[in-house]
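**Q** First the structure, then my questions, so here it is.
We did not get these values from a lab; they are worked out from the coordinates using the rules stated. Predicted, not measured: the structure shown is a model, and the values here were computed from it. When we count neighbours, we look across all protein chains shown, and the Cβ atoms used for this are built from the backbone with ideal geometry, even at glycine.
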Amino acid sequence: MKQSFTTQLIIRVTLMAAVVIAGGLFIDYSLSRDRLVAGLEEGARSSISAAVLRIEELTTGLEGAVRFLAEAVDEVPDEARIDTVLRSVIDSNPHIFAAAIALDIEHAGAPEGLAPYLYRNGSSLVRTDLSNADTPYWQEPWFASIRDSGRAAWVEPYFEPTGAKVEMTTFSAPLHRNDAGGAKVFIGVATIDLRLTDLYDYLDDLSIDKKGFGFLLTAQGTLIGAPDGRVISAPLGEVLHSDGVSNWKDWLKDASTEPRRALVNCPQTAERCQLRVADVQNSKWSVGVVYSEDALLSPLRDYQLRVLIVGAGMLVLIGMVVSIVTKRLTEPLLALATASQSIARGELDVPLPAHRGDDEVSQLVGAFDSMRQDLGHYIRDLESAAAQRSRMDGELSAAHEIQMAMLPQGGKAELHTDAVDLWARVRPARAVGGDLYSFHQTGRRLLISIGDVSDKGVPAALFMAKAISLIQQWEVQPATVPPEIALQQLNEGLTRDNDNCMFLTLFMGVLNLDTLKLHYASAGHGAPVLLREGEPSMLEQQRGPALGLREGLSFPLNELQLQTDDRLVIYTDGFDEAQNTADDMLGEAALCEILAGPDKLPLDEAGAAIFAAVDQFTAGAPQFDDMSLMLLEVPGQRRSALQSEHQSLEIDAALPSQAARWLEDQWRAQGLPDSALRDMQLVLEEVVCNVRDHAQTGDNATLSLGLERFADRVELECIDPGHAYNPLEDAERSALGESTEEASIGGLGLHLITRLTTRQSYHREDGRNILRLRMDLPVWEQNGPDTATGD
């Protein structure tokens, strides 16, 4: 679909605005995301650091409480004092869920041991003794590990089944007493318990988003956290999974004061989460946080969505503004385009859009208006020139017709005598030219001439007209003037008043039809070519100067004895000097080869073949010079008529039937095949009917018919004294299948003639139309039906 300039401009500007807006949004989103992610990382580090400080403060306080218990037991080892100290410690620190002092079995004073244990139950404290448990307390990890290591430590989270029966973790410290020798002796373990739920309260600030959570990580890699809202303790590898961490223990051993990071799968969703872990300095525990970047970036996406909506609205507004502004700016251009279409149709008075100012559009309108005015002047000048050229072409066409009418048979001539056949044609390089030919039979003599005037065009045509009139005067003199004398007389006539120094090369000859001896003279004209037995040879001739240059010239006489089957070719220099597109000249040698090519063809076909061969050599190059060609042939056995019959019939209503009877009688008398008789009768009927109905011959006019049989063909000749009319060229050929009422006169019959005969030729001579029709005979019938050997 074709789009207007306005539409294209609106679309392109709007698209560019869309690209700019989209680019701005993309840059804003990238920068905002980077800032937000950096803020998240900084927030995670800050949150972890704050949580680490709180845990460190908690553990420091708990460790102080444990040391207080150890000192109190060292001073007051009895059970009542232990209960009082435990109660005091729990009451003084709300973070402590439970506390216990478990004495070593050797110092307990009882076989089952002594391990008072107090824990919170609502707002009160409940006392129990761990010695009542099924498993001796000194075998529990919280006791045995401290006893064996001799150092205070946090115990891995566990479920306490005896007392509070909750998930907890315990901070334990060894109890010592100095013996008599001053050496420290292990007497038991003091513990302080924290419920995991209470411990997790210290990590509330680590919940960065709803999908993330904070957690504690013990020295053994146990995670204490609430990934699903419920506080649990489980190995880190069971809660979190990461493609980048294959062994969590090795990863945790990579101790660093900075938070360690890893990319993990979010526990409750299929998203990816960030893991950050930092160590608690005074213990082997760590604090970590898990958060989802997608969840944290959702506000950014919401913001970007709002920005996109606003941007889309802005783009719509921009499109509307661009559309309004563009239409106003391009309105003169659209009007100018409409006006240009009208101007293209020739409507030069169409109004142009009014546009004031000095911008480019105003300049364009002004330039277009100037162009329109100039175009109007140019068209008027062109019309005037075209009219002048049309008149000149008409005058040249008329001049061409007049010039051709001055030549025998209008520039395309054929002559058939009992002794020789002649064919001639002239083809000017322009509408009119300076080449000429002429022939005239007077008695048993045939006068022939062919010449070439210097230069081309109108000057040459005028000089040629003068020359042809003088030549035709020579032809009709009562007594034949020899050609060498005729050239002298022509030279005198052409030299007078020849202020432009035009000249004429001329071949002039007289052929005796009885002896076939040709006497000829040449005034600067090229030598003819004789084709004898198919071999071309350029005649050696004596020649004089061209005609028209000065008076008192003489011209030598040449003789040539023609023989049967000889063909004489006389031509002007337009043939041998023909040039192709590479400016190569044909030359006399190449021309002789061309002339020898169609030696076996009839004269008319041979002449056409020679012209075609020269045109093929020039290969599309314009014709440089006028071209005239005359072929003179002495028919041999196959070219001479074996039988010839002629008859004159009066042109009246009975002409068609009389002509048909005459043709049938002569046809059978000459032994011609009956298979071709019907076709020739149809052709003759068409010709004589046209002559009778349209020739306008007047009263007592006669039609001359001739039937000649050759070895390979039959030729029918029709000669009428009607007005000049060439049915082969002047008749309007009707379309095949057209009704007889709609067909033009002779239009359908022309199809009949050209289909049933092999060749057709026409010329006008002595005020008569001469039409010759040729019909080739089948090979087996060429010598008559008696020689047939086939079926």
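**Q** Multiplying the sequence separation of residue 159 and residue 704 by 0.36 nm and subtracting their Cα-Cα distance, what value in nm do you get?
**A** On the way: separation 545, 0.36 × 545 = 196.20 nm, distance 14.58 nm.
Value of the extension gain: 181.6 nm.
**Q** Follow-up. What's the exposure ranking of 146, 402, 101, 468, going from fewest to most Cβ atoms within 10 Å?
**A** Numbers: 146 25, 402 12, 101 29, 468 20.
The fewest-first ordering by Cβ neighbours comes to 402, 468, 146, 101.
**Q** Please arrange 292, 644 by counting, for each residue, the other beta carbons lying within 10 Å of its beta carbon, fewest first.
**A** Lowest to highest Cβ neighbour count: 644, 292.
**Q** So who's got an amide H within less than 5 Å of the one on residue 441, skipping anything under 5 residues away but keeping other chains? H placed 1.01 Å off N, in plane.
**A** 447
**Q** Let me ask you something else. In which sequence would 763, 377 go, from the one with the fewest C-beta neighbours within 10 Å to the one with the most?
**A** Numbers: 763 18, 377 11.
Ascending Cβ contact count within 10 Å gives the list 377, 763.
**Q** Go through segment 514-591 and name the trypsin sites (Lys or Arg not before Pro) that are in a DSSP coil and have 14 or fewer other Cβ atoms within 10 Å of their Cβ.
**A** On the way: sites: 517, 532, 543, 550, 567; in loops: 550.
Qualifying residues, ordered by number: 550.
**Q** Still on this structure, I have one more. To test your reading of the geometry: what angle, between 0 and 90 degrees and rounded to tens, separates the Cα axis of helix 457-475 from the longest principal axis of the chain?
**A** Relative to the chain, helix 457-475 is tipped by roughly 20 degrees.
**Q** Pop out the ³J(HN,Hα) list for segment 663-676 in order, Karplus 6.51 cos²θ - 1.76 cosθ + 1.60 with θ = phi - 60°, rounded to Hz; leave Gly and Pro as x.
**A** Each residue of segment 663-676 in turn: 4, 5, 5, 5, 4, 6, 5, 8, x, 7, x, 5, 5, 9 Hz.
**Q** Against the longest alpha carbon principal axis of the chain, how many degrees, from 0 to 90 and to the nearest 10, is the axis of helix 5-75 turned?
**A** 20
**Q** Just the projected area, averaged over all directions, of the convex hull on the alpha carbon atoms of the chain: how many nm²?
**A** Details: hull surface 312.5 nm².
Averaged projected area of the chain's Cα convex hull equals 78.1 nm².
**Q** Considering the Cα positions of segment 587-729, please state its Rg to one decimal place and its Dmax as a whole number of Å.
**A** According to the Cα coordinates of segment 587-729, Rg and Dmax are 19.8, 57 Å.
**Q** Between helix 293-344 and the chain, what is the angle of the helix's C-alpha long axis to the longest principal axis, kept within 0 to 90° and rounded to the nearest 10?
**A** For 293-344 against the chain, the angle is about 20 degrees.
**Q** Please give the calculated 222 nm ellipticity per residue for the chain, where each DSSP H segment of at least 4 residues contributes -39500 (n - 2.57) and the sum is spread over every residue; nearest 500 deg cm²/dmol?
**A** Values: 16 runs with 315 residues, N = 791.
Helices in the chain give a 222 nm mean residue ellipticity of -13500 deg cm²/dmol.
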